[in-house]
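What follows draws every value from the coordinates through simple rules; no lab data is involved. All figures in this text were calculated on a predicted structure; none of them were measured in a lab. For neighbour counting, all protein chains shown are included, and Cβ atoms are generated from backbone atoms with ideal geometry for every residue, glycine included.
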C-alpha cells in the first residue's frame, strides 16, 4: 500500500485558495470539499487540505498561525525537470502567489521557494536523477568525466 501525504493549510479565503491551486494544475476533489475545506489533489499520493482558519482551529488546541504571520512549515514538491520548475513558478506568480526567496541553482538541484496568497510556503524542485540516486558527488564526478 502506498503512503498518501495530506498537508493541511489554514487559509483566509477558501474560494481564492481553490482558484489558486487549480491554476497550478491541481484538481479539487469534490467528495472532500465543502464550505470549510477543500481537498487539493497534486497526484495520486499527494494532497493539500486547505481549511478555513476557523475550521483548521478545530483540529488543534494551539493557536493557528497563518502563513502571512510566520512560517511553520515548508512543503517541497518535486518536478520532472528544470523547465517544469520554471513553469510552476510562472503559474504561481500568475495566480496571485509570491516568491518567498530567489531560485536556488546548485547544478545537480534547482529549486524555487514560493508562497500562496495566504503566505503558506511551497517549494518546487528538480534534482538530476544521478544525484538523486547516488548523491551530489556522483553527479559532479560524471560532469568532470
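Relative to the dominant Cα principal axis of the chain, helix 14-23 is inclined by about 30°. Would you please state which residues of region 112-145 a label at residue 74 would reach in this model, taking the label point 7 Å out along Cα→Cβ and a backbone N cut-off of under 13 Å? Of the residues in region 112-145, 112-115, 121-125 have backbone N under 13 Å from the label point off residue 74. Considering only beta bridges that DSSP places wholly inside the chain, some 60 percent are antiparallel.
Taking all Cα pairs closer than 8 Å and separated by 6 or more residues, the relative contact order of region 1-62 comes to 40 percent. When every Cα-Cα distance of region 1-62 is counted in 5 angstrom steps from zero, the calculated P(r) takes the values 4, 19, 29, 25, 14, 7, 2 percent.
Pairwise Cα separations in the chain fall into 5 Å bins from 0 onward with the following percentages, short to long: 2, 9, 17, 20, 18, 13, 9, 6, 3, 1, 1, 0. Estimate the FRET efficiency between residue 57 and residue 93 by the formula 1/(1 + (r/R0)^6), using the beta-carbon distance for r and 35 Å for R0, to the nearest 0.05. With a Förster radius of 35 Å, E is 0.70. Relative to the longest principal axis of the Cα atoms of the chain, the long axis of helix 82-94 lies at roughly 30 degrees.
Neighbour counts of C-beta atoms inside 10 Å place 46, 29, 11, 92 in the sequence 29, 46, 92, 11, starting with the fewest. Look at 3, 58 and count the other Cβ atoms within 10 Å of each Cβ; fewest to most, that gives 3, 58. Between region 1-70 and region 90-145, the alpha-carbon centres lie 23 Å apart.
Which whole-number percentage describes the relative contact order of the chain, with Cα contacts under 8 Å and a sequence gap of 6 or more?
Relative contact order comes out at 21 percent.
Take the Cα radius of gyration of region 67-127 and divide it by 2.2 N^0.38 Å, N being the number of residues; the result is 1.06.
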